[in-house]
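Heads up, the thing below is written out as structure tokens.
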Amino acid sequence: MAKSIPVIITNTNILVYDRNAGEFKSFSLPGISSQPNIPFYHAFAKKIAESQHYFKAFIKNIYPNKTSKNILAIVVPDDTSTLESIFINEFFLNSGACKAVAQITMGQALQKDIQAYISISKSSRNIVLQYIKNNEIQACRYYDCNNYDSRQIIEDAKRLHIDIEYEKTPVFVNNFNLNMDDFFDMGEVITPKDFMDKIAVIDVEKI
């Protein structure tokens, strides 16, 4: 079975893991302007053929063997909607850069050794609380990242799911975007390096 290629959809670009170089490399499309509260990849829809062409060329530059063998393990922001998730999968599949994709949220990727935990992160539009058990999202709550009360979110995390009210549950603060200072006291802080190290060795069979 072909090894999967880790891919991270960040707030501003796409990061693809270069296995030979041992690092993530950034893909972005020239001429794409950002808009408040709208993920950058929405703009790809306006230039879909061009976007897919450049992404395939980007992948071939990193992995020059047949792209038809590639499997992309895609990690998306925690507030990615169902429609956005479908668009992301279809974008990569129809780009010719891979034969298959698997997708999970950043929160689901934070821990593989702990059965149940709470994750908190901030995307370009929301702060997201997730209760994850056995790698499945059991509960989720969103807050506008431009208008929130950190104290209220910290209290809400204690009641996010009935399981949490009766068991001590570890909390992981995803500071991948370096924007979680208000929540450092909630639990274990995951740095950008911590996060990318986890994703670099992600196993698509476990997604």
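Please enumerate the residues belonging to segment 106-127 that are in a strand (DSSP E or B), of a type in the set (Lys, Arg) and farther than 18 Å from MET196 by Cα.
From segment 106-127, those in a strand (DSSP E or B) are 116-122, 126-127; that's our starting set.
Still in the list and also of a type in the set (Lys, Arg): 122.
Within segment 106-127, no residue meets the criteria.
Filter the strands (runs of 3 or more DSSP E) completely within segment 128-207 down to those with at least 1 residues that are open to solvent by 40 Å² or more (accessible area, probe 1.4 Å), within 27 Å of GLU23 (Cα to Cα) and at pLDDT 95 or above. Steps first, please.
Working: elements: 136-144, 171-174, 188-190.
Output list reads 188-190.
Being modelled with pLDDT of 95 or more and out of contact with any strand residue (DSSP E or B) (no Cβ under 7 Å at 6 or more places or on another chain) is the requirement here; does ILE8 meet it? Can you show your working first?
Working: modelled with pLDDT of 95 or more: yes; out of contact with any strand residue (DSSP E or B) (no Cβ under 7 Å at 6 or more places or on another chain): no.
When the stated conditions are applied, ILE8 does not pass them.
Taking the criterion of being at negative phi, in contact with a helix residue (DSSP H, G or I) (Cβ under 8 Å, 6 or more places away or on another chain), without any contact (Cβ under 8 Å) to a residue 24 or more places away in the chain and of a type in the set (Ser, Thr, Tyr), would at least one residue in segment 23-30 satisfy it? Write out each step before concluding.
Of segment 23-30, the ones at negative phi are 23-30.
With in contact with a helix residue (DSSP H, G or I) (Cβ under 8 Å, 6 or more places away or on another chain) added as a condition, the list becomes 24-25, 27-29.
Those still in the list that are without any contact (Cβ under 8 Å) to a residue 24 or more places away in the chain too: 28.
Imposing the further condition that a residue be of a type in the set (Ser, Thr, Tyr) reduces the set to 28.
Yes, segment 23-30 contains a residue that is at negative phi, in contact with a helix residue (DSSP H, G or I) (Cβ under 8 Å, 6 or more places away or on another chain), without any contact (Cβ under 8 Å) to a residue 24 or more places away in the chain and of a type in the set (Ser, Thr, Tyr).
Could you figure out which of (1) of a type in the set (S, T, N, Q); (2) closer than 25 Å to ASP144 by Cα; (3) surrounded by fewer than 19 Cβ atoms within 10 Å (Cβ to Cβ) isn't true of THR10?
Against the list (1) of a type in the set (S, T, N, Q); (2) closer than 25 Å to ASP144 by Cα; (3) surrounded by fewer than 19 Cβ atoms within 10 Å (Cβ to Cβ), THR10 comes up short only on (3).
Being within 23 Å of the chain's Cα centre (by Cα) and touching a residue at least 40 places away in the same chain (Cβ under 8 Å), is that true of even one residue in segment 158-168?
Taking segment 158-168 and keeping what is within 23 Å of the chain's Cα centre (by Cα), we get 160-161.
Next cut, touching a residue at least 40 places away in the same chain (Cβ under 8 Å) only: 160.
There is at least one residue in segment 158-168 that is within 23 Å of the chain's Cα centre (by Cα) and touching a residue at least 40 places away in the same chain (Cβ under 8 Å).
Among the listed residues ILE202, ILE132, which satisfies the condition of being touching a residue at least 60 places away in the same chain (Cβ under 8 Å) and either charged (D, E, K, R) or under 30 Å from LYS3 (Cβ atoms) (or both)? Give the derivation first.
On the way: ILE132 fails: touching a residue at least 60 places away in the same chain (Cβ under 8 Å).
After ruling out the rest, the residue left standing is ILE202.
Specify the residue that is nearest to TYR142 (Cα to Cα); the eligible residues are those in segment 93-127 that are open to solvent by 40 Å² or more (accessible area, probe 1.4 Å) and among the polar types (S, T, N, Q).
Once the filter is applied, the top-ranked residue is SER124.
What are the residues in segment 173-187 that are within 17 Å of ARG151 (Cα to Cα) and either touching a His at 6+ places or on another chain (Cβ under 7 Å) or free of Cβ contacts under 8 Å to residues at least 40 places away in the same chain (or both), if any? Explain how you work it out, then say what you get.
Let us first name the residues in segment 173-187 that are within 17 Å of ARG151 (Cα to Cα), namely 173, 179-187.
ASP181, ASP182, PHE184, ASP185 - these are the residues of segment 173-187 that are within 17 Å of ARG151 (Cα to Cα) and either touching a His at 6+ places or on another chain (Cβ under 7 Å) or free of Cβ contacts under 8 Å to residues at least 40 places away in the same chain (or both).
Name the residues in segment 53-92 that are farther than 18 Å from PHE27 by Cβ and either touching a strand residue (DSSP E or B) at 6+ places or on another chain (Cβ under 9 Å) or buried (at least 21 other Cβ atoms within 10 Å of the Cβ) (or both), would you?
Let us first name the residues in segment 53-92 that are farther than 18 Å from PHE27 by Cβ, namely 65-66, 68-69, 78-79, 81-83, 85-86.
ASP78, ASP79, SER85 - these are the residues of segment 53-92 that are farther than 18 Å from PHE27 by Cβ and either touching a strand residue (DSSP E or B) at 6+ places or on another chain (Cβ under 9 Å) or buried (at least 21 other Cβ atoms within 10 Å of the Cβ) (or both).
The values are calculated or read from the model by the stated rules, or taken from the named source; none is laboratory data. Nothing here was measured: the structure is a model prediction, and the numbers come from that model. Every residue, glycine among them, receives a Cβ derived from its backbone with ideal geometry; neighbour counts consider all protein chains shown. Surface areas here come from the heavy atoms of the whole protein model, side chains and all, with no ligands, DNA or RNA. Shrake-Rupley method; radii C 1.70, N 1.55, O 1.52, S 1.80 Å.
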